[in-house]
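Computed from the coordinates by the stated procedures, all read-outs in this text should not be read as laboratory data. Not measured: the values here are computed from a predicted model. Note: ideal-geometry Cβ built from the backbone for every residue, glycine included; neighbour counts use all protein chains shown.
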Amino acid sequence: MAIQSRFLFKERAESGALGLRSVALGDPEDDQVLVKIHSASICGTDLHIFKWNDWAARTYRPPIRLGHEFGGTVTAVGPDVKAIKLGEHVTAETHIACGHCHQCRLNRRHTCENLQLFSRIGLGCFSDYTMVPAAALRVVSGDIPLDHLTAMEPLGIAVRAVTEAGVAGAHVLILGCGPIGLFAIAAAKAYGASSITATDLS
C-alpha cells in the first residue's frame, strides 16, 4: 500500500532552487526498509548543494532528494529483512555499498567498488518517510533520543579518526571546530589525550 511522503528536492543546477514534492512510496521490496523520519540534520554537503558550488556541480545532477543524517522509526520491512524490526529506532550510513562486488563479498563494504552517496541513489531524509536498504541502517537503543541520531554520522567520523590515530597520552591538534572537529575534541578527551589544542578561522 503506497504512502505519500513529502521530500525536499534540489530542483535545478543553480543556487537555491529548492522545492517540496510529494512522492509515492510503495511497500518495501526485498531488503528495503521504510523509515518514518523523526528528525534530520543539515550537513555541510547539503549547504554545498544548496549554494551549488563547483563540488556540487561535479557530484550531483538535479533533481535530487536532499538530506542524509537522520533519526527515525522503522514502519515496514521488505521480505528479506530479518535483523531489523518494526518500531526500532534507526539511523543510516551515508555511503551505500552495493553488497555484490568483490569487496562487499569480503565484508569490506567501506571499500565497495560501486559505493554511492545517499542522495545520489534517490534516497534523502528531508522528508516524512524514506526507503533505505537494510544493510545501510544501524539500529540504535531506544534509550537514545531520536534527535541525537542525526549526529551519529559526524560523530562516527570523529571517533574513527581519533581511535585510528591512537591519542592516549598524546598531545593532539585538531584543525577546524565544525561539528566533526567538536566531536573529535570530545573523543580525544575520552580516549585519553594528554592535551588537546583546537584551532579554527576567526
Protection-proxy order for peptides 90-97, 17-24, 38-45, each taking the mean of Cβ atoms within 10 Å per residue, highest first: 90-97, 38-45, 17-24
Whether region 3-144 is rounded, prolate or oblate, judged on the alpha carbon gyration tensor where a/c under 1.5 counts as rounded: oblate
Sequence-distant lysines (8 or more away, or on other chains) whose Cα lies within less than 17 Å of residue 10: 51
Cβ charges +1 (Lys, Arg) and -1 (Asp, Glu), total dipole of the chain, debye: 260 debye
